[in-house]
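Everything on this sheet refers to the single structure shown next.
The values are calculated or read from the model by the stated rules, or taken from the named source; none is laboratory data. The structure displayed is predicted, hence computed values, not measured ones. FYI the Cβ positions are ideal-geometry reconstructions off the backbone, even for glycines, and counts take in every protein chain you see.
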Number of protein chains: 2
Amino acid sequence: MNFSSKYLEKAVDEISNLPGIGKKTALRLALHLLRQDKEAVGSLSEALLALKSKVNECQKCGNLSDHNICEICANPTRNDELICVVEDVRDVMAIENTGQYRGLYHVLGGVISPMEGIGPAELNIGSLINRVEQSTPKEIIFGLGTTMEGETTTFYLYKKLAGFDIKLSAIARGIAVGDQLEYADEVTLARSITNRVPYENSITQNQNSRA
Amino acid sequence: MNFSSKYLEKAVDEISNLPGIGKKTALRLALHLLRQDKEAVGSLSEALLALKSKVNECQKCGNLSDHNICEICANPTRNDELICVVEDVRDVMAIENTGQYRGLYHVLGGVISPMEGIGPAELNIGSLINRVEQSTPKEIIFGLGTTMEGETTTFYLYKKLAGFDIKLSAIARGIAVGDQLEYADEVTLARSITNRVPYENSITQNQNSRA
């Protein structure tokens, strides 16, 4: 592209470094910002700097927080005998939004992916083992995705944690609520039949999620 | 969404104010920035501030520039008897990229759109009339889009400029180079037949655009 302003070019270069944003979109965003007033652009720019300088990983669980220990870990009303292992901060948000879980979390920061060069050492797995050794929770829930990488990571964690006297569980896989059986894929359907639950449980769960 | 950090929430709010970026994408971008080093985020943040504080509209043509007069207007080798009227800075870039045009531009900053409350007064039309009065160019090319709004604006400009002794032309509408006739829409095809050009011209143009 042929820029008439080097500051515009620099801004477009920087914006297009963001994932999923190409040069054309970056130019559209830069031109949008040029039309905004100075305060709006200043506010965006400050928010990005503050994001990087003020947000920490919780020292206990790896969740993002403005403090050393996140609000969930610091909350005395949460059940600290239950730890749900998730891949990402977004998974914490998603589970918190359901309002169904009152335990703690452990954020791995990714899943094992040899293709992307991510091994166990790159993830917050050491800190999970330390945490389990020190606080001996009653149950650990594996809340990772059902991708090949997610399943591999879950199995790795299972092997690492099998020696402890802790209940290890995984979030249920099955037909999504509201889905028709005929459209479900074979693997999911097979799993949901194998891992069927007593009907009474399923009624209670429905009522809970409606409450 | 349930943010565990108010700085993260603020950054996501600010990013999602950008056009075409929703909360989920904003969160993805914010988490990406958190994984970058401080210099990268600082550099993005500075580039956005510099964009707003250092980039001006050219006082002559409305193109974006780091100076009061843009490089194109300031270039003595360009033909100042030819002015191409375009909607947007991106159109200037697109035409410059062809390398086929050596005249000047006039950037309107939009097109007349009653639906969006944009009338002639909101556009750089007054400055175009002043420019024409002062420098009397030989030809003005209307290079606006073929949308309803673009055509309306072109017609408005035509009425305003018809009194001057200037050749008024519009960029050619027709079948795009490389397109099959059968897939062209009726209106375009009809126009390309009505506005047919002598075959010799069309050969020369092809050779030029290949050169």
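Do you know which residues across segment B:122-135 are aliphatic (A, V, I, L, M) and under 17 Å from B:GLU151 (Cα atoms)?
Correct list: B:LEU123, B:ILE125.
Hey, among B:GLY119, B:GLY150, which residue is modelled with pLDDT of 90 or more and within 21 Å of B:ALA94 (Cβ to Cβ)?
Values: B:GLY119 fails: within 21 Å of B:ALA94 (Cβ to Cβ).
The unique qualifying residue is B:GLY150.
Only one of (1) under 22 Å from A:CYS61 (Cβ atoms); (2) outside the structural domain of A:VAL92 (by TED's automatic domain parsing); (3) of a type in the set (A, V, I, L, M, F, W, C) is not met by A:LEU161, so which one is it?
(2)
Do we find that A:ASN68 is at pLDDT below 95, within 7 Å of chain B (Cβ to nearest Cβ) and assigned to a loop (DSSP other than H, G, I, E, B) in this structure?
no
Evaluate the following for B:VAL85: is it buried (at least 21 other Cβ atoms within 10 Å of the Cβ), facing another protein chain (nearest Cβ under 8 Å) and either assigned to a strand (DSSP E or B) or touching a residue at least 24 places away in the same chain (Cβ under 8 Å) (or both)?
Values: buried (at least 21 other Cβ atoms within 10 Å of the Cβ): yes; facing another protein chain (nearest Cβ under 8 Å): no; either assigned to a strand (DSSP E or B) or touching a residue at least 24 places away in the same chain (Cβ under 8 Å) (or both): yes.
It is false that B:VAL85 is buried (at least 21 other Cβ atoms within 10 Å of the Cβ), facing another protein chain (nearest Cβ under 8 Å) and either assigned to a strand (DSSP E or B) or touching a residue at least 24 places away in the same chain (Cβ under 8 Å) (or both).
Return yes or no: is A:ASP37 at pLDDT below 95 and within 30 Å of B:SER65 (Cα to Cα)?
yes
Run B:LEU104 past the list (1) more than 20 Å from A:LEU31 (Cα to Cα); (2) in a helix (DSSP H, G or I) and report the number of the one that doesn't hold.
Only one criterion in (1) more than 20 Å from A:LEU31 (Cα to Cα); (2) in a helix (DSSP H, G or I) is unmet by B:LEU104, namely (2).
Restricting attention to segment B:20-40, and to residues there that are among the aliphatic types (A, V, I, L, M) and under 21 Å from A:GLU57 (Cβ atoms), which single residue is farthest from the other protein chains (Cβ to nearest Cβ)? If you could, list the steps in order and put the result at the bottom.
Looking only at segment B:20-40, we keep the residues that are among the aliphatic types (A, V, I, L, M), and these are B:21, B:26-27, B:29-31, B:33-34, B:40.
Narrowing further to those that are under 21 Å from A:GLU57 (Cβ atoms): B:26-27, B:29-31, B:33-34, B:40.
Details: B:ALA26: 11, B:LEU27: 7, B:LEU29: 5, B:ALA30: 6, B:LEU31: 7, B:LEU33: 6, B:LEU34: 6, B:ALA40: 8 Å.
Step by step, filter segment B:20-40, then rank; the result is B:ALA26.
Counting just the residues of segment B:42-62 that are farther than 19 Å from A:GLN36 by Cβ and surrounded by 22 or more Cβ atoms within 10 Å (Cβ to Cβ), which one comes out farthest from the chain's Cα centre (by Cα)?
Selected residue: B:CYS58.
For the condition within 14 Å of chain A (Cβ to nearest Cβ), surrounded by fewer than 16 Cβ atoms within 10 Å (Cβ to Cβ) and not hydroxyl-bearing (Ser, Thr, Tyr), what is the one hit in B:ASN75, B:ASN79?
On inspection, the qualifying residue turns out to be B:ASN75.
If you go through segment B:73-82 one residue at a time, how many are in a helix (DSSP H, G or I) and in contact (Cβ under 8 Å) with a residue 24 or more places away in the chain?
So the count comes out to 1.
Of all residues in segment B:63-72 being without any contact (Cβ under 8 Å) to a residue 12 or more places away in the chain and under 28 Å from A:ASN17 (Cβ atoms), which is surrounded by the fewest Cβ atoms within 10 Å (Cβ to Cβ)?
Within segment B:63-72, the match that is surrounded by the fewest Cβ atoms within 10 Å (Cβ to Cβ) is B:HIS67.
Within 21 Å of A:SER135 (Cβ to Cβ), crowded, with 21+ Cβ neighbours inside 10 Å and hydrophobic (A, V, I, L, M, F, W, C): does that describe A:VAL12?
No: the conditions fail for A:VAL12.
What residue, of A:ASN2, A:ASN17, is facing chain B (nearest Cβ under 7 Å) and surrounded by fewer than 21 Cβ atoms within 10 Å (Cβ to Cβ)?
Details: A:ASN17 fails: facing chain B (nearest Cβ under 7 Å).
The match here is A:ASN2.
Any residue in segment A:167-188 that's without any contact (Cβ under 8 Å) to a residue 12 or more places away in the chain: show its pairings with residues that are surrounded by 10 or more Cβ atoms within 10 Å (Cβ to Cβ) at Cβ separation under 7 Å, as long as the two are six or more apart or on different chains.
A:LEU181/A:ILE175; A:LEU181/A:LEU189; A:ALA184/A:ILE175
Within the bounds of segment B:92-113, is there any residue that is more than 22 Å from B:ALA172 (Cα to Cα) and among the polar types (S, T, N, Q)?
So far as segment B:92-113 goes, yes, one or more of its residues are more than 22 Å from B:ALA172 (Cα to Cα) and among the polar types (S, T, N, Q).
Looking only at segment B:88-106, which residues are surrounded by 15 or more Cβ atoms within 10 Å (Cβ to Cβ) and within 12 Å of chain A (Cβ to nearest Cβ)?
B:ASP88, B:VAL89, B:ARG90, B:ASP91, B:VAL92, B:MET93, B:ILE95, B:GLU96, B:TYR101, B:TYR105
Have a look at A:THR136, A:THR147, A:THR188, A:THR152 and point out the one that is of a type in the set (S, T, N, Q) and touching a Lys or Arg at 6+ places or on another chain (Cβ under 9 Å).
A:THR188
For the structure I just gave you, tell me whether B:SER127 is among the polar types (S, T, N, Q) and touching an Asp or Glu at 6+ places or on another chain (Cβ under 9 Å). So that I can check it myself, show each step before the final result.
On the way: among the polar types (S, T, N, Q): yes; touching an Asp or Glu at 6+ places or on another chain (Cβ under 9 Å): no.
Criteria not met by B:SER127.
Of all residues in segment B:96-114, which are farther than 20 Å from B:ASN75 by Cβ and touching an Asp or Glu at 6+ places or on another chain (Cβ under 8 Å)?
Those that are farther than 20 Å from B:ASN75 by Cβ and touching an Asp or Glu at 6+ places or on another chain (Cβ under 8 Å): B:LEU108, B:GLY109, B:GLY110, B:VAL111, B:ILE112, B:SER113.
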